[in-house]
Amino acid sequence: MKPIDFRTNPESYHHWRLEIDADVARLIMDVSENDGLFSGYELKLNSYDLGVDIELYDAIQRLRFEHPEIKVVILESGKDQVFCAGANIRMLASANHVHKVNFCKFTNETRNAMEDATEHSGQVYITAIKGTCAGGGYELALATGYIILADDGSSSVALPEVPLLAVLPGTGGLTRITDKRKVRRDLADVFCTTEEGIKGQRAKDWRLVDEIVPLSQFDDCVSAKTRQLCDNRSDSSDQQGITLNPIGREISDSGITYSTLHIAVDRNNKVATFIIDGPTDYADLSLESLNQSGDQFWLLCLTRELDDAILHLRLNEPELGTLVFKSMGSIAAVAHYDAFIQNNLDNHLVREMVLYWKRTMKRLDLTSRSLITLIEQGSCFAGFLAELVFGADRAYMLEGQHEDDEREPAALKISQSNFDLFPMSNGISRLETRFHSDTERLKPVQKTIGLALEAEQCETLGLVTFIYDDMDWDEEIRIFLEERASFSPDSMVGLEANLRFSGPETMETKIFGRLTAWQNWIFQRPNAVGEDGALKRYGTGKKGVFDPQRV
Amino acid sequence: MSIDKISYDTLIPNNVNLSSDRRVLKALEQWHPQYIDWWKTMGPDGFQDAEVYLRTAISVETKGWAKFGYVKMPDYRWGILLAPQEEGRKIPFGEHKGEDVWQEVPGEYRAMLRRLLVIQGDTEPASVEQQRFLGATAPSLYDLRNVFQVNVEEGRHLWAMVYLLQKYFGRDGREEAHELLRRRSGDKDAPRMLGAFNEETPDWLSFFMFAFFTDRDGKMQLESLAQSGFDPLARTCRFMLTEEAHHMFVGESGVGRIIQRTCETMQQAGIDDPFDTEKIRQLSVIDLPTIQKKANLHYSLSLDLFGSEVSTNAANFYNASLKGRFKETKLTDDHRLDNTTYPVLKLVNGALTMVDEPALTALNMRLRDDYVDDCARGIRRWNKIVANNGVEFEFKLPHTGFNRQIGQFANVDISPQGEILKPNDWQIARNNFLPSTDDGEFIALLMRQETRRGKFAEWIAPPKSGVDNQAGDFEYVRLS
């Protein structure tokens, strides 16, 4: 089967139109029925599948990098009578469990990216709803900062998953109506069990939307709101966007090659080894050279390639259960890159790179594979790159030198950026999460900022799991990887997901930890996916048959 | 270099090419002083400077593998010796049956294998610790030398397990190797892992019984591990078995010589009734019923070492192709045990009943059955000594449910004859089944050191022939 490709651009979109008008962008959803990612279903009524969401993700990314002048993004429908009917049911009913889970995860991440842009990039997303806005369609609206609903007696918002399909509004729906929109829980209960949804004044009263507007005034009202939001934002017209050119990659049996990243695949042990090709010098690191390099700037290049690689492996290589991260390059150079971004956070492009690295690290946290980082001679885990060490399920570090390797012993460098710039979905840094916000353990780590830490120090500080010398290294790593491959993939996923996200709950952790887990459980249950289950029977005219037992 | 030849180019004799394996060499050289320290504090008490006539392995071939000579025990050349590698050996059982044997540890089974090695390894130094005070009451130089021979070989078996741990299990393995020296028999804080290895060995009859019964459990375990799909373990155990045979000889012949002495003394004194304990004991020999009680004790303790009759662990070890059955390759079945059963003796509604259990989970029971057969052969030889001396007495193995702490019969009192007793009846009859305090005190009275050349304590007969065909008055141990 052809691999699912996450690389696209507005010229190739099937389902969206991106219209730019000065500081306002319109993202118009106009799904092409016959351009589904797989055969066997039609994307009627602006329903979506993964392909539709891949384009949405691309658009959000481009707006940030290519159009810093944009202050408001309006999400609207290109079809009459319908805003969006949500995820395509026939697609869901026919997809295997692995695909369903990955699809939901990616759509969740994309909605989070809209909130991230609203909060951190000065691009506010708002939704203008005319017609039916149901299920995943309303969840899309929930991810924006402001919802305007046409008060025309028929336009409505709905979360009909429970009554219609016996599953949950799992793309953040249940979490956002309570935690974000503060809908009262009993009203939320009514809303989520009412198939036809809620419209008009009641939708506003229940806080499901921010504003209801008569049809005749709808466009004016959206414009007025847009202007108001734009005026509240600082002027960013002097900021230059860059072009995100297509990512080049070569896929072969033995791996994937990008420009700053190579992934070696070992199917026997089900391991994908990421080898990051770090910078070797930093002589002309400046805002000028950054603007000149554009998307070829090493850090941006690496982030895009890493992001693409993670998504590719998630969807196309479900059996590669262990991701091993290695890096090669000058640790001093990476430390300079890290200092450079810290010193230039007011620059649009630098800020976007930092935010993108943050999101990519989060995507990795949320990837249900074992994450292992190896710190060896010649590796360059410093600052932002060291997030791969702190975010790993285990990190191993070589103590001393290999017998036939004259290079300096392996080192690791911590930076202030590891504390400030890359919070996990729980809202705190990986280091803080690692040490459970225990200042007794964090303080000594903070004191080492900027130092090249060797293995023994790293072990003492608790930054790595184990250190091995030259004589043990190969064998220990081999045995560990083999052992990892022998465990049940399900139990590994569960174990890792539970251990990774200690610390505070946020809306994001609730979405990925709670809502998703319940949804994935329901996705396995006969009441939804059995032969007589509601999801399978949808569209046949027959109701689902339920096992009456409460579990 | 021939693989069978032992290399002395390092401090540690070996046939595993240690000099080119700097990782293991370094680990072993760090462990070595700890081991010597352990030997000096926990090894034979009071004889560290004595020169002992010991055999040392010089080859791993069945013929001519050892040479004899005087050596001070701390200078004994412990080493790493594996039986020769069989070309093209295939895994003989379990899920991986028919595949090439593993020369490296499969990551999947790392934890399981390590556990097996640690449990086996823990027993080796334990017996040395248990037996460390026996020298003070040795009945002869011959016997003194024998216990030391057993001790140094148990020490070498510890080396064998430590080598595997250090060679194949990295840092974890080194830590376990260290722990093997830290745990001590009977220690309050860090005892040995298995119950029987925390019991003291108070006298020589106990030592011989231990060597007969408990070392035989060791033999069965080694036989099963010698089948392992992990080839280095299989080869190690095959070589250990050549040494283990001697330990059982010491046990069986030691008890045999005591029986011989008792019977001939009874004959000379004209005592016909073997149960006339008082009279017999006045002659400073150990009466046969007391020997039977000692056998009852050590046999039942040793049966506990086989673990629960029905065991998931045993099934896992077998299915993973790590631990086979006794004489696995001689058995004719599918060597997978997917759908077969094995009869297991169980307590069902208060009655002893054979129940068919899935053969995989009944592997402990099966190995124990093989062990019982093996013990029975030794018992028959003891009975021949009794009969040849014209005494009417028969040694018997007690019922497998007798005096058990582990498995099906842990919570039920069963007599040596196999009757289920009420707790009260057990209490009353206990001293007929197991050695009493009085028995122990009597034996203790007999235990006096005899170190004159060619002399033996009055309660034990001399051996038929000497070690390495030496004459009867040979000076097996030169005391300093």
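The values are calculated or read from the model by the stated rules, or taken from the named source; none is laboratory data. Keep in mind that this is a model prediction, so the values were computed, not measured. A quick note on method: Cβ atoms are made from the backbone with ideal geometry, for glycine too, and the neighbour counts reach across all protein chains shown.
Structural remarks
- Cβ-Cβ contacts under 6 Å between residues 6 or more apart (or on different chains), taken from a first residue in the stretch B:21-35 that is facing chain A (nearest Cβ under 9 Å) to a second residue that is at pLDDT below 90, are listed as B:ARG23/A:MET471.
- The set of residues in the stretch A:192-206 that are touching a helix residue (DSSP H, G or I) at 6+ places or on another chain (Cβ under 8 Å), buried (at least 16 other Cβ atoms within 10 Å of the Cβ) and of a type outside the set (Gly, Ala, Ser) comprises A:CYS192, A:ILE198, A:TRP206.
- Selection within the stretch B:142-201 - within 14 Å of another protein chain (Cβ to nearest Cβ) and outside any helix (DSSP H, G or I): B:PHE169
- Restricting the stretch A:402-417 to residues that are in contact with an Asp or Glu (Cβ under 7 Å, 6 or more places away or on another chain) and modelled with pLDDT of 95 or more, the residue that is surrounded by the most Cβ atoms within 10 Å (Cβ to Cβ): A:ALA410
- Residue count, the stretch B:38-70 (criterion: of a type in the set (A, V, I, L, M, F, W, C) and surrounded by fewer than 18 Cβ atoms within 10 Å (Cβ to Cβ)): 4
- The stretch B:223-276 - residue that is within 23 Å of the chain's Cα centre (by Cα) and among the hydroxyl-bearing types (Ser, Thr, Tyr) and, of those, farthest from B:THR123 (Cα to Cα): B:SER253
- Qualifying residue in the stretch A:260-277 (condition: under 28 Å from A:GLN240 (Cβ atoms) and in a helix (DSSP H, G or I)): no
- Condition met for B:LEU205 (assigned to a helix (DSSP H, G or I), crowded, with 22+ Cβ neighbours inside 10 Å, within 14 Å of chain A (Cβ to nearest Cβ) and at pLDDT 95 or above): no
- Test for B:ALA66: is it within 21 Å of B:ARG235 (Cβ to Cβ), away from every other protein chain (no Cβ under 14 Å) and small (Gly, Ala, Ser): yes
- Selection from the stretch B:430-480 of residues that are of a type in the set (Asp, Glu) and either within 25 Å of the chain's Cα centre (by Cα) or modelled with pLDDT of 95 or more (or both): B:ASP438, B:ASP439, B:GLU441, B:GLU450, B:GLU458, B:ASP468, B:GLU475
- Hey, A:PHE512 away from every other protein chain (no Cβ under 14 Å), touching a residue at least 24 places away in the same chain (Cβ under 8 Å) and closer than 28 Å to A:VAL324 by Cβ or not: yes
- Qualifying residues in the stretch A:474-500 (those that are of a type in the set (Asp, Glu) and more than 7 Å from chain B (Cβ to nearest Cβ)) - the one surrounded by the fewest Cβ atoms within 10 Å (Cβ to Cβ): A:ASP490
- Of all the residues in the stretch B:93-117, those that are in a loop (DSSP other than H, G, I, E, B), away from chain A (no Cβ under 12 Å) and within 18 Å of B:TYR163 (Cα to Cα) number 1.
- Here the stretch B:61-92 is the region considered, the condition is being out of contact with any Lys or Arg (no Cβ under 6 Å at 6 or more places or on another chain) and part of a strand (DSSP E or B), and the residue that is nearest to B:ASN339 (Cα to Cα) is B:LYS90.
- Test: residue in the stretch A:247-256 that is under 23 Å from A:PHE381 (Cβ atoms), surrounded by 16 or more Cβ atoms within 10 Å (Cβ to Cβ), out of contact with any Asp or Glu (no Cβ under 6 Å at 6 or more places or on another chain) and not polar (S, T, N, Q): yes
- Filtering the stretch A:432-473 to residues that are of a type in the set (Asp, Glu), more than 14 Å from every other protein chain (Cβ to nearest Cβ) and in contact (Cβ under 8 Å) with a residue 60 or more places away in the chain leaves only A:GLU432.
- On the stretch given as the stretch B:208-233, residues that are touching a Ser or Thr at 6+ places or on another chain (Cβ under 6 Å) and either surrounded by fewer than 22 Cβ atoms within 10 Å (Cβ to Cβ) or charged (D, E, K, R) (or both) total 1.
- Of all the listed residues (B:GLU108, B:GLU99, B:GLU104), the sole one being surrounded by fewer than 21 Cβ atoms within 10 Å (Cβ to Cβ), at pLDDT 95 or above and over 26 Å from the mean Cα position of the chain (by Cα) is B:GLU99.
- Residue, nearest to the chain's Cα centre (by Cα), within the stretch B:305-343, restricted to residues that are farther than 24 Å from B:LEU233 by Cβ and in contact (Cβ under 8 Å) with a residue 40 or more places away in the chain: B:GLU309
- All helices (runs of 4 or more DSSP H) inside the stretch A:448-551 with 2 or more residues being among the acidic types (Asp, Glu): A:455-461, A:470-486, A:489-500
- Residue ID - modelled with the highest pLDDT, chosen from residues in the stretch B:1-29 that are of a type in the set (Asp, Glu) and assigned to a loop (DSSP other than H, G, I, E, B): B:ASP21
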